[in-house]
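This report refers to the structure that appears directly beneath it.
The values are calculated or read from the model by the stated rules, or taken from the named source; none is laboratory data. Predicted, not measured: the structure shown is a model, and the values here were computed from it. Backbone-built Cβ (ideal geometry, glycine too); neighbour counts: all protein chains shown.
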Amino acid sequence: MSKYMKFGILTVAILGTLSWLAIDGIGDTKTYYKNVREVTQMGDAAHAKRIRIGGDVVAHSITREGKDVHFTLAWEGVQMKVVYSGIEPVPDTFKDGAQALADGKLGADGVFQATKIQAKCASKYEAKPNVPNASTHSQS
């Protein structure tokens with residue numbers, strides 16, 4: 001076998017291995033975004049894969065037990081309990097009524113086990129009300 005043939009085979013093997021590792025890695029980290037209603041309708045399929053679930057944080061549902069944060073997400077009248085036990089601190093915008101996303105897996109008990117959460121406060125992103133400037137009003 002010639003020197004060039006050996007080099008070509010080695011190059012193809014290395015590129016093939018790197019491609020396989022990249023494709024396999026992407027598949028392992030892929031998460032599917034679903035709202036609470038969609039996850040409850042998935043049945044057993046919801047337990048098999050990583051999911052990103054979205055909904056609104058139910059008022060007065062946030063409790064802390066040690067390092068875990070328990071809360072409930074709701075979407076179109078359907079609710080789901082969530083336990084966050086990630087290593088990052090809970091975002092400042094994570095409050096009652098906030099829109100939130102949780103990454104993780106649905107447990108056999110129906111409780112979503114989150115390893116990452118994101119939240120935004122809806123009022124923070126709304127336009128400020130148009131209040132007339134007091135200096136533009138004429139006084140009689």
query: Is it the case that Glu88 is among the acidic types (Asp, Glu) and more than 16 Å from Val111 (Cβ to Cβ)?
result: yes
- request: Mind listing whichever residues of segment 86-121 are within 12 Å of Gly54 (Cα to Cα) and among the polar types (S, T, N, Q)?
  value: Gln99, Gln118
Answer residue from segment 20-74, given it is within 16 Å of Asp109 (Cβ to Cβ) and hydroxyl-bearing (Ser, Thr, Tyr) and is modelled with the lowest pLDDT among those: Thr40
- request: Give segment 41-52 a look and list any residue that's buried (at least 17 other Cβ atoms within 10 Å of the Cβ) and out of contact with any Asp or Glu (no Cβ under 8 Å at 6 or more places or on another chain), or say none.
  value: Ala46
message: modelled with pLDDT of 90 or more, touching a helix residue (DSSP H, G or I) at 6+ places or on another chain (Cβ under 8 Å) and not small (Gly, Ala, Ser): is that true of Leu101 in this structure?
response: no
- prompt: On the given criteria, is Val82 assigned to a helix (DSSP H, G or I), surrounded by 10 or more Cβ atoms within 10 Å (Cβ to Cβ) and within 14 Å of the chain's Cα centre (by Cα)?
  reply: no
